[in-house]
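Coordinate-derived values only; no laboratory data. Since the structure is predicted, the reported quantities are computational estimates derived from the model, not experimental observations. A quick note on method: Cβ atoms are made from the backbone with ideal geometry, for glycine too, and the neighbour counts reach across all protein chains shown.
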Amino acid sequence: VQVEQPKVTVPNTTLVSPKSLSNVAGLFDQMKEYLKVTPDQYTKTMTILKDYDTKITGVKNANANNPQKTTTEINAVNKAVIPQLKAVLKQDQINTLVAGVTMQENICLLYTSPSPRDRTRSRMPSSA
């Protein structure tokens, strides 16, 4: 007996790679107590960072096959957002946030990079 599978219609959407998503606002939200931000700082910074995340994700998606253009455009967005953050946060808060973002990106690169073992054949004997 064959069971007919239901047909599923998928809306026309753009799939985004997790590596292309930016979530600095989410990281800031997780770090808010550690950064000791005031409620006013939190609200203003979240607005800045949500806009930043939207722009960075757009840059990464638009230039997925052009890493040099991606880097140039990300640097331009970073250059524009730092003065906005300096108007709201103290320098030590910005430094800590930047360190957190850098660590998060390095961890993501490590996590998604292939292991050297992935490039070698299994060491298990074929009779195992």
Check your understanding: Roughly speaking, what is the stretch gain from E105 to D51, that is 0.36 nm per residue apart minus the C-alpha to C-alpha distance, in nm to one decimal?
Key -> 17.6 nm
Study note, to complete from the structure: Contour minus Cα-Cα span, T96 to V77, at 0.36 nm per residue, comes to 4.9 nm
Study note, to complete from the structure: On the formula 1/(1 + (r/R0)^6), with r taken between the Cβ atoms of K69 and L21 and R0 of 22 Å, the FRET efficiency rounded to 0.05 is 0.75
Exercise for review: Give me the lysines in straight-line cross-link reach of K69: C-alpha distance below 20 Å, same-chain residues under 8 apart excluded.
Suggested key: K19, K55, K60, K79
